[in-house]
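To keep things clear, I will list the structure first and then write my remarks on it.
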Amino acid sequence: MDVASDAARLIPPNQSQPLIRRLIALDVDGTLLGQGLKIPTGTVDALDMVRAAGHEVVLATGRSLVGLMPVATRLGLVEGYAVSSNGSLTVRLDPAVPAGYVIEDARRFDPGPVVHRALALEPRAHVGVEDVGWGWAVNQVFPDGLLNGEQKQTLVTDLCAAPATRVAVHAPGIDRHLDALRATGVTVTPAGPGWADVTGAGTSKATALERLRTGLGIPPEATVAVGDGANDVDMFRWAARAVAMGHAEQNVRDAADEITGTIAQHGVIAVLDSLLPANVDTTALSRLAAQLATAVHTAPGSGVALRVWHGTRTGLMRCETWTFRNGTWLRHAPVPAGTGATMRGVENAAREAGLIYPRGDEGRRRAQWRASFTEAGPAGFELPLTSA
């Protein structure tokens, strides 16, 4: 059976105008996380909606990987890509692997010259070298709350023994010596009073995002960045649309194309909402219905199918929309609210959203789900969808 051609015949053409797929790079601290590491109300829903619209959401943070992963999970971002350690690490988020991620790219450098220079300039400085996925090797233990992950105190010679992704330097006077540290051939980014983040030469959030953009096939003009810190300035120069949070310092605001509200004013939510289709009113819909409506109205191609997979429990393990383009099926977007729902719940939400799908002619007129096939065999069930 030719599954692709059969599916195309059954699915009415999508009459909606698709949005341009964008790469949305989001800083974490001060952008998605507020005081006390709290996620402002509505942030997760807004992230789910832009993902349902087919946009690629990428967390881009100065945090180490061990500090990023719990936040990504809290934000509901368990698949896709993330950039950590100011661009030194790019990971693919994957809930199917034990760590929750696979390292796609790691930019390492010799930490020796900058570590020795920092200690020569500020002998009492705290110096940490990132141990990816675990924590930090340090010359002396940093005060509580300054580093993510575990700390292991070690000799300076051991700190410098192997290539590193990131070095953190903490000392009251280190701000005076940024150029001297840069003279060792590294990238130095100030990150608050008495703090310097060090990565390899030419390494930043921007360089990592550019490699990711190229790999994903997203055009340069379809890039958006939102942030609030000095380590976001290069990212702003990279993005076609750069947005600074309202509480950012003036030099960061000056580097952006526009200013949104503060984190208390839900500034990032306003930006995310602006990337949703203007012709789809989801205000009165449930979360699942709103995401389904958004996904169908933004999907390019000649047809849309909703695909679901069951896990070991009653609820669905995955829920996605796929689109038929150029003779083949391609994944369009996840439907996050579908995870944990039932197939009947998905049907009800589709009807709530005013979407049309094949149904029986008698009795309760149940939806006509069919087996969904991939190259590896049956993958679950799928339901053709179209807007009214």
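The values are calculated or read from the model by the stated rules, or taken from the named source; none is laboratory data. Because the structure is a prediction, the values reported are computed rather than measured. Virtual Cβ from ideal backbone geometry, glycine too; neighbours counted across all protein chains shown.
Quick notes
- Pairs, first closer than 21 Å to VAL83 by Cα and in contact (Cβ under 8 Å) with a residue 12 or more places away in the chain in region 37-64, second in a helix (DSSP H, G or I) and charged (D, E, K, R), C-beta under 7 Å, six or more apart: ILE39/ARG74; ALA46/ASP273; VAL57/ARG51; ALA60/LYS205
- Residues of region 273-289 that are among the hydrophobic types (A, V, I, L, M, F, W, C) and closer than 13 Å to SER387 by Cα: VAL280, ALA289.
- Screening region 230-277 for residues that are more than 21 Å from the chain's Cα centre (by Cα), without any contact (Cβ under 8 Å) to a residue 24 or more places away in the chain and part of a helix (DSSP H, G or I) and picking the one that is nearest to ARG22 (Cα to Cα) gives ALA255.
- Residues that are hydrophobic (A, V, I, L, M, F, W, C) and over 25 Å from ALA46 (Cβ atoms) do occur in region 334-348, at least one of them.
- Within region 280-292, residues that are closer than 8 Å to GLU352 by Cβ have Cβ atoms under 8 Å from residues that are among the acidic types (Asp, Glu) in these pairs: LEU285/GLU352; SER286/GLU352; ALA289/GLU352, counting only partners at least 6 apart in sequence or on another chain.
- Qualifying positions in region 283-306 - at pLDDT below 95, assigned to a loop (DSSP other than H, G, I, E, B) and surrounded by 18 or more Cβ atoms within 10 Å (Cβ to Cβ): ALA299, PRO300, GLY301, GLY303
- Of the residues screened, VAL156 is not one that is more than 30 Å from HIS332 (Cβ to Cβ) and crowded, with 22+ Cβ neighbours inside 10 Å.
- Looking across region 312-330 at every residue that is free of Cβ contacts under 8 Å to residues at least 24 places away in the same chain and under 24 Å from the mean Cα position of the chain (by Cα), the one that is surrounded by the most Cβ atoms within 10 Å (Cβ to Cβ) is identified as GLU320.
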